[in-house]
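The structure appears below as structure tokens.
Just so you know, all these numbers are worked out from the coordinates, no wet-lab data involved. Everything quoted here is computed from the prediction, not taken from an experiment. Every residue, glycine among them, receives a Cβ derived from its backbone with ideal geometry; neighbour counts consider all protein chains shown.
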Amino acid sequence: MTWLLGVIGDPVSHSLSPVIHNMWIREHDLDASYEALRVERGHLGDALDTLTKREALGFNVTLPHKEAALELAADASDVARRIGAANTLIRREEGGWRAENTDAPGFMRSLTDAGIDVAGKRVTLLGAGGSARAVAITLTDLRADLIIANRTLERAETLVKETGITAEVVSLEQGLADAGTSALVVNTLSLGHSGGTLNLPEGQDQFFYDISYGRAAAGLAAEARAKNWRPMDGLAMLVSQAAYSFEHWFGILPETEAVLAHCRKLVEATS
Ligand code: NDP
């Protein structure tokens, strides 16, 4: 019996998740297959009903289904509830799905692997969208002195209220103007996808961590480098969150180094 796994989203054809998970499936000689499954907004429940009839072990869930995945799940981890969204579904023996969110531990591990310690330090988070929640919770858990800057102030205020974290909320302009005094800037704004730029101030060799990767991160990384920041992209976070999902399904925490190097090559070839 071959277990079915996959990433459910729309769009989803660009996702690196099948490459990542199928490498680990082969490495561990597992009888499983991981596919990209395009499901339109509003149809996650129907898709899960259909997939349950196949030998489905679990799924990653991406835009636009992360909130719906949490709502449809029979139970959920504390971190998924705090974030208000799930990126991982695990089939339960008693039926239904357990919702997890591995973006937060994936982001945390990427910081640790890069040797970034934020405890007691000022950190600016740009953005207040879906992924900013996992980032904000992690930075708060790591005891960073957090400033959240977003174009829509109300969205950042809602994030703080709903996640129960302590953070200062400022406008995007204000956050950027003051960013030079932060030990780390984490960018979760999606504007890199449309070629947007940031008006970053001059840095002092601090990290500018953009959780996007590939073409979406390249322009802002060049801008950051030119202004004396140390750019870092979101590929390590992507591979780490995948590793934690894999552990939820198979009970094995896989090695990330070779997979990350392979993804880096794929991304560089298409950037
Ligand atoms: P959302 O759509 O939920 O949030 C988008 C954010 O970008 C909001 O803060 C929004 O501000 C802001 N924004 C968008 N356009 C502009 C603009 N022109 N000017 C200023 N602000 C803008 O996206 P996600 O949080 O889900 O994803 C954000 C990024 O993170 C994406 O690039 C995605 O690829 C990446 N990502 C990476 C992951 C990884 O594992 N490495 C995991 C998940 C996401 P406003 O609130 O004002 O609209």
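Tabulated data
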{"item": "Among 144-154, 207-217, the order from most to least packed when residues are scored by Cβ within 10 Å on average", "result": "207-217, 144-154"}
{"item": "Within the chain, percent of DSSP bridges classed antiparallel, to nearest 5", "result": "15"}
{"item": "Proxy reagent accessibility, fewest Cβ within 10 Å first, across LEU235, LEU5", "result": "LEU235, LEU5"}
{"item": "Principal-axis tilt of helix 44-53 within the chain, Cα atoms, nearest 10 degrees", "result": "40"}
{"item": "Length released on extending from ASP29 to THR2, taking residue separation times 0.36 nm less the Cα-Cα span", "result": "8.6 nm"}
{"item": "Structure-based [θ]222 nm, the chain - -39500 (n - 2.57) summed over DSSP H runs of at least 4, per residue, nearest 500", "result": "-13000 deg cm²/dmol"}
{"item": "In nm, spacing of pseudo-spin labels at ARG230 and GLU154 (7 Å Cα→C-beta vector)", "result": "4.0"}
{"item": "Residue order, fewest to most beta carbons within 10 Å, for HIS21, HIS262, HIS65", "result": "HIS262, HIS21, HIS65"}
{"item": "Karplus (6.51, -1.76, 1.60) ³J(HN,Hα), θ = phi - 60°, over the range 78-95, in Hz, Gly and Pro reported as x", "result": "4, 5, 5, 5, 4, 6, x, 7, 10, 10, 9, 10, 10, 5, 9, 4, 7, x"}
{"item": "Lys/Arg +1, Asp/Glu -1 at C-beta; the chain dipole; positive extreme among SER212, MET108, HIS43", "result": "SER212"}
{"item": "The range 193-235 residues near the modelled SER171 label - backbone nitrogen below 20 Å, point 7 Å along Cα→Cβ", "result": "197-202"}
{"item": "Debye, to nearest 20: dipole size of the range 105-233, +1 on Lys, Arg Cβ, -1 on Asp, Glu Cβ", "result": "200"}
{"item": "Residues whose placed amide H lies under 5 Å from that of THR88, excluding near-sequence neighbours", "result": "VAL61, GLU100, THR102"}
{"item": "Acute angle (nearest 10 degrees) that the helix 103-113 long axis makes with the longest principal axis of the chain, alpha-carbon atoms", "result": "60"}
{"item": "Estimated FRET transfer efficiency when R0 is 30 angstrom, pair ALA114-GLU71 (beta carbons, to 0.05)", "result": "0.35"}
{"item": "Relative contact order of the range 105-233, pairs being alpha-carbon contacts under 8 Å that are 6 or more residues apart, as %", "result": "21"}
{"item": "Full-stretch length increase - SER13, GLU257 - with 0.36 nm per residue and alpha-carbon distance subtracted", "result": "85.5 nm"}
{"item": "Length-normalised contact order for the chain - Cα pairs under 8 Å, 6+ apart - percent", "result": "14"}
{"item": "Nonlocal amide H pairs with VAL170, under 5 Å, H built at 1.01 Å", "result": "ILE148, ALA149, ASN150"}
{"item": "Dipole-positive endmost among ALA119, LEU153, VAL170 within the range 116-215 (Cβ charges, Cα centre)", "result": "LEU153"}
{"item": "THR197 paired with ASP178, simple spin-label distance in nm, labels 7 Å along Cα-to-beta-carbon", "result": "2.5"}
{"item": "Tilt relative to the chain, helix 215-226 - C-alpha long axis, 0 to 90 degrees, to 10", "result": "20"}
